[in-house]
Amino acid sequence: MKTRRALVTGGAGFLGSHLCDGLLGEGYRVVAADNLLTGSLGNIEHLRNDSRFEFVQKDVCYPGEWGTLDLDYVLHFASPASPVDYAEHGIETLRVGSYGTFEALETARRCGAKFMMASTSECYGDPAVHPQTETYWGNVNPIGPRSVYDEAKRFSEAVTMAYHRYHQVDTRIVRIFNTYGPRMQINDGRVIPNFMWQALRGENLTVYGDGSQTRSFCYVSDEVDGILRLAGSAEHEPVNIGNPTEFTILDCARKVIASTGSRSQIKFEGLPQDDPKQRRPDISKAKRLLGWEPKVELESGLKLSLEYFRRAVAEKEKRT
Ligand SMILES: NC(=O)c1ccc[n+]([C@@H]2O[C@H](COP(=O)([O-])OP(=O)(O)OC[C@H]3O[C@@H](n4cnc5c(N)ncnc54)[C@H](O)[C@@H]3O)[C@@H](O)[C@H]2O)c1
């Protein structure tokens, strides 16, 4: 039987690289395309000598030389994703969510490949419905500082549905909720790497507001398992994949301090603009359709990530 081939845009990023591992595990040949804006070759270093894996350094907003490739799946994961990254690269974020999504969908259409788009819980904005079900349309400020990301992703979903409706592309949309684990950039504005960075350096952990805002955190192996199950399903409408166990930010800070054995304390600072007060996926649809639910609890996920974060902190300290 012919080996299936998948293209992963953003394949040198945190999630994209784990997805490449997962697809190789499922027997795919994998091409990862990435311009290394926020990703790194270190994330795919372990695949360098794997003959089933190929890396192409390129901006996916421009047409690819994929013409000769016989692709079975296109998984569009390229996009700055952390608040620090999309604040710094606002225009690039809007471009990859618009031009990049068009290009990825055109590639899928040309090859007759299936398509998956990495969407986000940010589509729900500061939600008025809790927990968030896929049928909730969201509460997004279209001109606020986060809009470069939120609206890029909402547009990306719209283009994906349009290619499905008008061009019959076999599409999927995964709404990913906060995911963490090895290969995340350290200190990138996301809660867990930030707390890890501070705790492992013995600095006080910064909690914005009074810390009562809630988040849920999904360990990367659970997230990739959900993504692969959705990829194998026939569902075209968005599906939430995330961990529904909710923690206050303050709880989370305490758990990071405990897991690292740090002596750090907690300090409080003002809330950033448009910071959502709560975020928690309703995963009934994923459970029903995919038989999926997360298995790794926060304490275990923090333990599994600790070694990586220790190394990342040491490397970053050496560089600065
Ligand atoms: N990690 C999460 O918690 C989370 C939550 C919701 C959604 N997502 C989505 O998952 C995807 C991956 O996120 P991540 O956390 O791995 O972020 P990441 O920054 O680690 O990975 C994104 C990758 O995309 C690449 N990229 C960006 N613009 C590009 C372009 N124009 N051409 C080629 N490559 C480009 C970057 O270099 C990077 O390697 C993103 O689409 C993100 O929106 C992630």
Checklist entry - Is there any pair linking a residue in the range 151-174 that is farther than 23 Å from L289 by Cα to one that is among the basic types (K, R) and not in a loop (DSSP other than H, G, I, E, B), with Cβ under 7 Å and at least six apart or on different chains, and which? => result H167/R109
Next on the checklist: Of everything in the range 175-210, what is within 11 Å of the ligand (Cβ to nearest atom) and either without any contact (Cβ under 8 Å) to a residue 24 or more places away in the chain or of a type in the set (A, V, I, L, M) (or both)? Give them in sequence order.
Outcome noted: I176, M184, V191, I192
Checklist outcome for this item: Expected output for the range 61-76 (first residue more than 13 Å from R109 (Cα to Cα), partner of a type in the set (A, V, I, L, M) and assigned to a loop (DSSP other than H, G, I, E, B), Cβ below 8 Å, 6+ apart or cross-chain) is H76/V60
Next on the checklist: Criterion first (more than 6 Å from the ligand (Cβ to nearest atom), under 21 Å from V224 (Cβ atoms) and either without any contact (Cβ under 8 Å) to a residue 40 or more places away in the chain or aliphatic (A, V, I, L, M) (or both)) does A113 satisfy it?
Outcome noted: yes
Item to check | helices (runs of 4 or more DSSP H) contained in the range 207-294 and holding at least 2 residues among the hydrophobic types (A, V, I, L, M, F, W, C), within 22 Å of the chain's Cα centre (by Cα) and within 30 Å of F115 (Cβ to Cβ) | outcome: 220-231, 284-290
Checklist entry - Residue check: is P63 buried (at least 20 other Cβ atoms within 10 Å of the Cβ), out of contact with any strand residue (DSSP E or B) (no Cβ under 9 Å at 6 or more places or on another chain) and on the phi < 0 side of the Ramachandran plot? => result no
Checklist entry - Does A78 qualify as being in a loop (DSSP other than H, G, I, E, B), buried (at least 19 other Cβ atoms within 10 Å of the Cβ) and within 14 Å of the ligand (Cβ to nearest atom)? => result yes
Checklist outcome for this item: Picking from G22, G39, G27, the residue that is in contact (Cβ under 8 Å) with a residue 24 or more places away in the chain, in a loop (DSSP other than H, G, I, E, B), within 15 Å of the ligand (Cβ to nearest atom) and not hydroxyl-bearing (S, T, Y) would be G39
Checklist entry - So which residues in the range 211-224 are buried (at least 17 other Cβ atoms within 10 Å of the Cβ), more than 18 Å from S82 (Cβ to Cβ) and more than 14 Å from the ligand (Cβ to nearest atom)? => result G211, T214
Next on the checklist: For the range 119-139: of the residues being farther than 18 Å from S284 by Cα and surrounded by fewer than 16 Cβ atoms within 10 Å (Cβ to Cβ), which is nearest to the ligand (Cβ to nearest atom)?
Outcome noted: N139
Checklist entry - Taking F155, is it crowded, with 20+ Cβ neighbours inside 10 Å, within 15 Å of the ligand (Cβ to nearest atom), part of a helix (DSSP H, G or I) and aromatic (F, W, Y)? => result no
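A short reminder: the numbers here are calculations on the coordinates, not readings from a lab. This is a predicted model, so every value here is computed, not measured. Reconstructed Cβ throughout: ideal geometry from the backbone, glycine too, with neighbour counts over all protein chains shown.
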